[in-house]
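Reviewing the structure listed below.
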Amino acid sequence: MREKYKNFETAVIHEGYDSQVHLGSLSTPLFQTSTFTFETAEQGERRFAGMEDGYIYSRLGNPTVKVLEQRIAALENGGAGLAFGSGMAAVSAVLFALTNANDHILCSQGLYGCTFGLLKLLKEKYQITHDFSGMETEEKIRSAIKPETACIYVETPINPTMKLIDLEMVASIAKEYNIPVVVDNTFSTPYLQRPLDLGCDIVLHSATKYICGHGDVVAGLVVGKKDFISRMAMTTQKDIGGILSPFDAWLLLRGLKTLPVRMDRHSYNAQKLVGKLKKHPAINRVFYPLDRKHKEYKIAKKQMKQGGGLISFEIKGHKEDAQRFLNELKLIKIAVSLGDAESLIQHPATMTHAVVPKEERQQMGITDQLIRLSVGLEAWEDIWADLEEGLKVLEN
Ligand SMILES: *Cc1c(COP(=O)(O)O)cnc(C)c1O
């Protein structure tokens, strides 16, 4: 954390905003404007030439959005931040910024479904190839790096299997080869995991999820070194244009203030439910980063403050049984997305990862029996009661 606010819980509320320069407004003002007027033509010239600070047009920068960008940069302990209109706008802007035609991207095995789709597009249009690696050992990572590898792209925990990647290990090897490491930190948020502190170079988020926390905004965020972020701001953000609206930035700033409180509760609830799910006869396996039996428990312990709010589990039976179980639930809503106050459940094989070919899906560990639960902020006893009632349908 920076000097100004040493503790995360304080920075998440105050960083990047001074009420005194905004007529004392406690809440960040909403600058709902597309453009900014210049006092004189000469001032306009100076702003365009970069000789004078100030706003020009909201695609190039907006004061409300700026507060959000400064805040997320501080929370991730990075040089600067950029906000986008969706998580995928952030992912694509970063990958466009880092690659040229014929480059190679090394990815963790198992990625968000649309990131997978984007890689396919990059390959078809620009011959940018990619490989997946489990990244379990230094040797595995080294052997997957090619002369044309332009970046290493990692998700951890991996959606939806909860596999973990040792970020410190990946970063240290990437440094030897001078390859930037990008981490999709959506599942953990900077409250639970800070990839830049572990040596990684760029962090991105679907801010739609925990950062917003209230299920009412689609947004993306990127944090990295100042130079890289300014370059992105003037290229893959300005010219592709996937910017965030001021109002959505305002909602995100509001949601973000309670992030630590929410993450504590999501994690607590999830831990309680993991204990219950593991004992249930209709359930085969449970995947949760900070479960002692989890395959990568040691990595989770090393790089995550808590386990977060996502649990995956395999029921006994077939695809239809998974669907019957979901249909029985009342409190828990059937929906993709995650990180909201409401508990949400989905079936990755037919929903978020339906675009991934079956063979690759199986390789990633996404079986027809796998279910992903985003644990909400309700009383965990009520969430469990709903799950337990629903699981009865599998017993007959
Ligand atoms: C949702 C999600 C994305 C995509 O974000 P959008 O805001 O939906 O565009 C990317 N990565 C992960 C891990 C996600 O969960």
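The numbers here are math on the coordinates, done by the rules we state, and not lab data. From a predicted model like this one, the values you see are computed outputs, not experimental measurements. Heads up, the Cβs are rebuilt from the backbone with ideal geometry, glycines too, and the neighbour counts pull from every protein chain shown.
Before rounding to the nearest 500, sum -39500 (n - 2.57) across all DSSP H runs of length at least 4 in the chain and divide by the residue total; then give [θ] at 222 nm in deg cm²/dmol.
The per-residue figure over the chain is -11000 deg cm²/dmol.
Taking springs between alpha-carbon atoms closer than 10 angstrom, which of D264, D291, D18 fluctuates most in the Gaussian network model of the chain?
In the Gaussian network model the winner is D18.
When the chain is modelled as a GNM with alpha-carbon springs shorter than 10 Å, which of G275, G199, G224 fluctuates the most?
The residue that fluctuates most here is G275.
Each label point is 7 Å from the Cα along the Cα-to-Cβ direction; what then is the distance between the points at L23 and E148, in nm?
5.7 nm
Please work out the Cα center distance from segment 263-321 to segment 19-64, rounded to the nearest Å.
46 Å
Can you sort W384, W250 so the residue with the fewest Cβ neighbours within 10 Å comes first?
Exposure proxy ranking, most exposed first: W384, W250.
For segment 130-182, calculate the relative contact order in percent as a whole number, restricting contacts to Cα pairs under 8 Å that are 6 or more residues apart.
39 percent
Per 0.36 nm of contour for each residue apart, how much would the distance between E378 and E168 grow if the chain were fully extended, relative to their Cα-Cα spacing?
Gain in length upon complete extension: 72.2 nm.
What FRET efficiency comes out for the pair K140/K257, r = Cβ-Cβ distance, R0 = 56 Å, nearest 0.05?
0.85
Can you find, among L394, N269, G309, the residue farthest towards the positive end of the dipole of the chain? Put +1 on the C-beta of Lys and Arg, -1 on that of Asp and Glu.
Of L394, N269, G309, it is L394.
What list of ³J(HN,Hα) values in whole Hz, one per residue of segment 59-67 in order, does the Karplus curve 6.51 cos²θ - 1.76 cosθ + 1.60 (θ = phi - 60°) give from phi, with Gly and Pro shown as x?
My calculation for segment 59-67 gives 6, 9, x, 8, x, 5, 5, 4, 4 Hz in order.
Report the full-extension gain for the segment D131 to V355: residue separation times 0.36 nm, less the Cα-Cα distance, to one decimal in nm.
Difference between extended and current length: 78.9 nm.
Grab the Cα-Cα distance for Q362 and S337, subtract it from 0.36 nm times how many residues apart they are, and report the gain in nm with one decimal.
6.8 nm
Tell me, what is the FRET efficiency for R59 and V393 to the nearest 0.05, using R0 = 41 angstrom and their Cβ-Cβ distance as r?
With R0 = 41 Å, the Cβ-Cβ based efficiency is 0.20.
Based only on other Cβ atoms within 10 Å, what is the fewest-to-most ordering of K238, K209?
Result, fewest neighbours first: K238, K209.
Could you state the number of Å between the C-alpha centres of segment 161-204 and segment 209-254?
Going from one Cα centre to the other spans 19 Å.
Among G242, G79, G110, which one shows the biggest mean-square fluctuation in a GNM of the chain, springs joining Cα atoms closer than 10 Å?
G79
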